[in-house]
Amino acid sequence: MRDRTDEARVVRRRSRMVTPRSRGALSGFCLLLLGAWGALIPFIGPYFDYAYTPNTEWTWTAARFWLQVLPGGVTFLAGLVLLFTAQRVIGILAAWIGIAAGAWFVIGPLVAPLWQADYLGTPVGGKTAASVEAIGMFYGLGAAIILFGALAAGRFSVVSVRDVGIATATTREAAALETDEPVAAREPVATREPAATREPVATREPVATREPVARDTGEPVVARDADVEPASQTQDGTHRRRRLSFH
């Protein structure tokens with residue numbers, strides 16, 4: 001009973017700490033793409049007039065580093081961790097780091113003018129092009145990163161039935177390796193033998209009937225045989241008659 005309790009405690013602990021590697025694969029892959037886009041677009045965007053000033057390729061500025069390269073690189077690393085990690089705590093931490101990077105993509109362009117006028121530069125092109133550049137390089141990009149980061153954080157925070165099953169199998173394998181013995185199968189419980197059938201009770205012999213007792217002598221009355229011959233008659237077979245004489 002104690003062994004089962006310890007095993008259940010270990011299973012609960014491992015199910016809370018360990019997850020399948022596929023848990024954050026989708027979110028991690030999307031964060032990889034979004035982070036790479038955010039970090040590289042200020043250097044390759046000028047090739048097709050999709051940039052903030054200065055509109056020159058591979059030009060390094062402080063604004064591009066703090067507002068685009070840095071959060072893009074952090075997002076890329078967070079997605080890389082989510083793609084391969086099987087630890088719940090690490091996955092949740094990486095997801096929240098990705099969320100923070102996405103939030104910086106949204107907040108950075110708003111606070112940049114407070115540091116220095118025209119610190120970020122101006123979008124290239126007309127009003128429509130400027131709107132598309134602001135959404136694709138900062139605001140929309142940051143919102144997408146926040147979305148996938150929050151999705152990863154939610155998935156890593158849930159303990160599913162699959163997690164419990166994996167933790168149970170891992171615990172049993174570890175216990176078997178520690179003892180260097182295969183887990184012995186339990187012996188079946190011996191079935192009880194059927195109770196022996198009782199022998200039938202021997203029927204009692206009938207009690208001998210008592211002979212009738214004579215009331216006076218106390219001796220048993222001897223029954224007369226049925227074939228006793230009747231009393232013999234006179235030899236001549238006639239009854240004598242008394243003669244009556246009248247005087």
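Structure notes:
- Relative contact order for region 24-158, counting Cα pairs under 8 Å that sit 6 or more residues apart, in percent: 35 percent
- Sorting the segments 38-44, 85-91 by their residues' average number of neighbouring beta-carbon atoms within 10 angstrom, most packed first, yields 38-44, 85-91.
- Computed over neighbours whose Cβ is under 15 Å from that of Gly38, the net charge equals 0, Lys and Arg +1, Asp and Glu -1.
- Using every pair of distinct Cα positions in region 24-158, the Kirkwood expression returns a hydrodynamic radius of 14.9 angstrom.
- Taking amide H as placed 1.01 Å from N in the peptide plane, the amide H of Val18 sits under 5 Å from that of Arg88, each at least 5 places away or on another chain.
FYI, it's all coordinate maths here, none of it is from the lab. Model, not experiment: these values are computed from the prediction. Neighbour counts are summed over all protein chains in view; Cβ atoms, including those assigned to glycine, are modelled from backbone coordinates with ideal geometry.
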